[in-house]
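Take a look at the structure below.
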Amino acid sequence: MPASYAYLGPEGTFTEVALRTLPEAATRELTPYVSVQSALDAVRTGEAEAAFVPIENSVEGGITTTLDELVAGAPLMIYREVLLSITFALLVRPGTDLSDVKTVSAHPAAQPQVRNWLKKHLPDAHWESAASNADAARLVQEGQYDAAFAGEFAAARYGLEALETGIHDAENAQTRFVLVGRPARPAAPTGADKTSVVLWQRDDHPGGLRDLLGEFATRGINLMLLQSRPTGAGIGNYCFCIDAEGHISDRRMTDALKGLKRICLQVRFLGSYPRADVRPGDVQPPRLGTSDEEFVEAADWVARCQDGRF
């Protein structure tokens, strides 16, 4: 039997479409799960080799369900990311007119992406959240709701019609998906990589977040995502999910992670993996004083000083 990739199901989700863009998906058994949590737990228990889940969209930022699952529980690691352009269709049962739509459903992350369209065209419709956009389509098929916001491609799968297509409040909206597996050695750097970590402060004090960010800034590392998430230990207790440009094997990233490990209560490494938004040749060179060569030269100079060879 081929190894299994779990993904946020049911069939017909944007997650499935994005997953099928990975070449290795053709050699895996793709198994839908009812939630992000159950897909990631399938990896933790060994039911699946990896899970493919949404983690960020360009309208609302980080998808909190996924971030919280990566923050808590047994450690997992990100190996790949995929960007997918997103537009929605309003899926209905055959014969339904726009005036018939009183209830609509979709994944919670879809609501901010269609909020203005909904206000303009269906201002009195009642919104109900679903486990996924495809699950919302399934519920429409079963008669629980009048319409679902989902990919147009899901209409045929659930015997529905696309009453409206090309729905989006923001032009060029994208969702980022990640392939998550059990911890192992990260893939070799490509020259266009991203490193993800979660940071917990030792205590709450003025300038605490600045101290964390300073470990990246002083080494010329650009941050691509910064999102706070509650730890569950009470109001005001947060950890920070961070995506940073670079690979853990880069000298500046290694140095930054060492610094964070010294000052943080806990650091969770979520992986170093190729970026999906840029090719290696298009990445800007490191800022002056932060290249691998300059780190090596500085370390050699300190060693010579220690030996009295300066």
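The values are calculated or read from the model by the stated rules, or taken from the named source; none is laboratory data. The structure presented is a predicted model; accordingly, all values stated were derived computationally and were not measured. Cβ coordinates were reconstructed from backbone atoms using ideal geometry, including for glycine residues, and neighbour counts include every protein chain displayed. To get the accessible areas, we keep the full protein, side chains included, count just its heavy atoms, and leave off ligands, DNA and RNA. Shrake-Rupley method; radii C 1.70, N 1.55, O 1.52, S 1.80 Å.
Before we move on, is Arg202 in contact (Cβ under 8 Å) with a residue 60 or more places away in the chain, open to solvent by 60 Å² or more (accessible area, probe 1.4 Å) and over 30 Å from Gly46 (Cα atoms)?
yes
For residues in region 175-185 being touching a residue at least 24 places away in the same chain (Cβ under 8 Å) and surrounded by fewer than 17 Cβ atoms within 10 Å (Cβ to Cβ), which is nearest to Leu40 (Cα to Cα)?
The selected residue is Arg182.
Specify the residue that is most open to solvent (accessible area, probe 1.4 Å); the eligible residues are those in region 18-38 that are small (Gly, Ala, Ser) and assigned to a helix (DSSP H, G or I).
Ala26
Would you check which residues across region 205-228 are open to solvent by less than 40 Å² (accessible area, probe 1.4 Å) and either at pLDDT 95 or above or at negative phi (or both) and list them?
Correct list: Gly208, Leu212, Gly214, Glu215, Phe216, Arg219, Ile221, Leu225, Gln227.
Out of the residues in region 94-108 that are part of a loop (DSSP other than H, G, I, E, B) and charged (D, E, K, R), state the one that is surrounded by the most Cβ atoms within 10 Å (Cβ to Cβ).
That would be Lys102.
Quick test for you: out of Ala89, Ala42, pick the one residue that is open to solvent by less than 10 Å² (accessible area, probe 1.4 Å), free of Cβ contacts under 8 Å to residues at least 60 places away in the same chain, hydrophobic (A, V, I, L, M, F, W, C) and within 30 Å of Gly159 (Cβ to Cβ). Explain how you work it out, then say what you get.
Working: Ala89 fails: free of Cβ contacts under 8 Å to residues at least 60 places away in the same chain.
Just a single option satisfies the conditions, and that option is Ala42.
Those residues that are more than 14 Å from Asp250 (Cβ to Cβ) and either within 31 Å of the chain's Cα centre (by Cα) or of a type in the set (Asp, Glu) (or both), I need them from region 290-308; list them, please.
If the condition is that a residue be more than 14 Å from Asp250 (Cβ to Cβ) and either within 31 Å of the chain's Cα centre (by Cα) or of a type in the set (Asp, Glu) (or both), then Glu297, Asp300, Asp307 are the ones that fit.
Go through region 181-224 and report how many residues are assigned to a loop (DSSP other than H, G, I, E, B) and either closer than 26 Å to Gly73 by Cβ or in contact with a Pro (Cβ under 7 Å, 6 or more places away or on another chain) (or both).
Number satisfying all stated conditions: 13.
In this structure, does Val296 turn out to be touching a residue at least 12 places away in the same chain (Cβ under 8 Å) and closer than 24 Å to Arg80 by Cβ?
No.
Please count how many residues of region 254-309 are among the hydroxyl-bearing types (Ser, Thr, Tyr) and loosely packed, with under 10 Cβ neighbours inside 10 Å.
Total meeting the criteria: 0.
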